[in-house]
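Here is the structure we will look at.
The values are calculated or read from the model by the stated rules, or taken from the named source; none is laboratory data. For clarity, every value in this text was computed on a predicted model and none was experimentally measured. So basically every Cβ, Gly included, is an ideal-geometry build from the backbone, and we count neighbours across all protein chains shown. These accessible areas exclude ligands, DNA and RNA; they are computed on the full protein's heavy atoms, side chains included. Shrake-Rupley method; radii C 1.70, N 1.55, O 1.52, S 1.80 Å.
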Amino acid sequence: METNKPLFLGEHEKRHKNDVKLNTSSDVASYLTENSAGFFMHSDLCLFNITLNADDYSTLHVYPKQSVDALWALNVLRAVKSAQPQFGYVSTPEEFKSRNMISVEINEQVVESWVGRDLKKYLPGLYSYTLISFRQMKEKNIRPEILIESAIRTEAYDDEFIILDFFGGVEQWHLYKNKIDALCDTTEGIFSTVGIADAAKEAKNFLELSALLKKWR
């Protein structure tokens, strides 16, 4: 039976014959010592991309190869509890782009740029399922009650973090997009593309667009 559980460890996005099996503890320990900056994990149904950083936030990106249900998505966020997570989310690619990508047409060409993803500056946004640590909310002056009131369901884990369920699934995000756009725009400490997207449309060339978006990258 195919599984979402990681089975192999390696250096590449695609499986290689020399990838390390995760059930061989001695090989895994040796591999992690030699690859302290990051690695990939592979399951039958998912790709896990881990980047480790001693001086900044480490990251985990999970890319399922097929659509996932709400329970699986929530379990991914719950599973990282011991790693003291600061921020996490589950969304469709389309929802992520709507929160963190600026797309404009310049000289008959569509130019796209990622923005608002620097957790040191602000919370990157709110998504279908969003994990936020209480530390991040305190640092960015975000009032938890404002977010909790807008969610249909929340889970609190001691004084570490909360998980907010805004829609009850990842496929319904477009039905609530305007509501979450407004919440991001009016809540201190949370990045919002509102206003930035309109300003970007005034750019006459790529250099003007790049200069405009520089501080939000």
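Give, to the nearest whole percent, the P(r) tail of the range 83-217 beyond 28 angstrom, counting all Cα pairs.
On the way: 1781 of 9045 pairs.
Beyond 28 Å sits 20 percent of the P(r) for the range 83-217.
Roughly how many whole Å is it from the C-alpha centroid of the range 189-214 to that of the range 29-58? With the range 189-214 and the range 29-58 each reduced to a Cα centre, they are spaced 33 Å.
Using the crude model of +1 on Lys and Arg Cβ and -1 on Asp and Glu Cβ, and no other charge, please compute the dipole size for the range 7-215 relative to its Cα centre, in debye to 20.
For the range 7-215, the charge dipole is close to 120 debye.
For Ala211 and Lys81, what does the FRET efficiency come to when R0 = 35 Å and r is the distance between their Cβ atoms, rounded to the nearest 0.05? It comes to 0.30.
Here the extension length gained between Asn18 and Asp158 equals 46.3 nm, from 0.36 nm per residue of separation less the Cα-Cα distance. Label reach from Asp69 (point 7 Å along Cα→C-beta): in the range 160-198, amide nitrogens under 16 Å belong to 168-171.
Any chance you could run the full-extension gain for Asp56 through Glu149? It's 0.36 nm times the residue separation minus the Cα-Cα distance, nm to one decimal. Can you show the working numbers first?
Details: separation 93, 0.36 × 93 = 33.48 nm, distance 3.11 nm.
Contour length minus Cα-Cα distance gives 30.4 nm.
To the nearest 0.05, what FRET efficiency results for Ile106 and Ala29 with a Förster distance of 41 Å applied to their C-beta separation? Before the final figure, lay out the partial values.
Values: r = 50 Å, r/R0 = 1.23.
Step by step, r from the Cβ atoms, then E = 0.25.
If you scale each eigenvalue of the Cα gyration tensor by 5 and take the root, what three semi-axes come out for the range 128-173, rounded to whole angstrom and sorted largest first?
Details: eigenvalues 75, 23, 16 Å².
Listed largest to smallest, the semi-axes of the range 128-173 are 19, 11, 9 Å.
A viscosity of 0.692 mPa s and a temperature of 37 °C, combined with the Kirkwood radius over Cα pairs in Stokes-Einstein, give a translational diffusion coefficient for the range 56-148 of 218 µm²/s.
Answer with one residue from Gly169, Ala211, Tyr127: the one whose Cα lies farthest towards the positive end of the charge dipole of the range 117-217, charges on Cβ with Lys, Arg +1 and Asp, Glu -1. The Cα lying farthest towards the positive end belongs to Ala211.
The 3J(HN,Hα) values that the Karplus relation (6.51, -1.76, 1.60; θ = phi - 60°) gives for the range 21-31 are, in residue order, 6, 6, 8, 10, 4, 5, 5, 5, 4, 5, 5 Hz. Gly and Pro appear as x. At the residue level, Ser82 shows approximately 110 square angstrom of accessible surface with a 1.4 angstrom probe and all protein chains present.
Could you check what % of the DSSP bridge pairs in the chain are antiparallel, to the nearest 5?
Numbers: 36 of 37 bridges.
If we restrict to bridges inside the chain, about 95 percent are antiparallel.
With a 1.4 Å probe and all protein chains left in place, how much of the accessible area of the chain comes from carbon and sulfur atoms, in whole percent? Could the numbers behind the result be given before it?
Working: 6540 of 13040 Å².
Within the chain, the accessible surface is 50 percent carbon and sulfur.
With all protein chains kept in place, the per residue accessible area of the chain amounts to 60 square angstrom at a probe of 1.4 angstrom.
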